[in-house]
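Colleague: Here's a structure for you.
No value in this document is a laboratory result; all are computed from the given coordinates. Quick caveat, the model's predicted, so the values are computed rather than measured. All Cβ positions, glycine included, derive from the backbone under ideal geometry; neighbour counts span all protein chains shown.
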Amino acid sequence: MKVREVLRLLNDDGWRIVRIRGSHRILAHSARSGIVVVPGSPGDDIPPGALHAILKQSGLEKQR
């Protein structure tokens with residue numbers, strides 16, 4: 001899955017980019033605590049382990 005697709009999923013769920021540090025996008029949710037870090041450029045593929053961690057941290061893993 002591409003970084004662009006993951007960002008779209010998170011954005012649709014209410015996560016917003018609060019800052020960018022290099023190629024890492026840090027997202028926060030207005031109703032949930034914590035942050036989610038998405039590494040890489042928009043066209044890059046996210047490794048399976050990182051994708052699993054992002055979905056788990058964001059709570060999207062339970063919805064799928």
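Colleague: Just a yes or no: is a residue in the range 13-23 in contact with a His (Cβ under 8 Å, 6 or more places away or on another chain), at negative phi and hydrophobic (A, V, I, L, M, F, W, C)?
Modeller: yes
Colleague: Tell me whether the range 8-19 contains one or more residues that are of a type in the set (Gly, Ala, Ser) and over 14 Å from residue 57 (Cα atoms). Break it down into steps so the answer makes sense when it comes.
Modeller: Step one: list which residues in the range 8-19 are of a type in the set (Gly, Ala, Ser), which gives 14.
From what is left, the residues that are over 14 Å from residue 57 (Cα atoms) are none.
No, because not a single residue in the range 8-19 is of a type in the set (Gly, Ala, Ser) and over 14 Å from residue 57 (Cα atoms).
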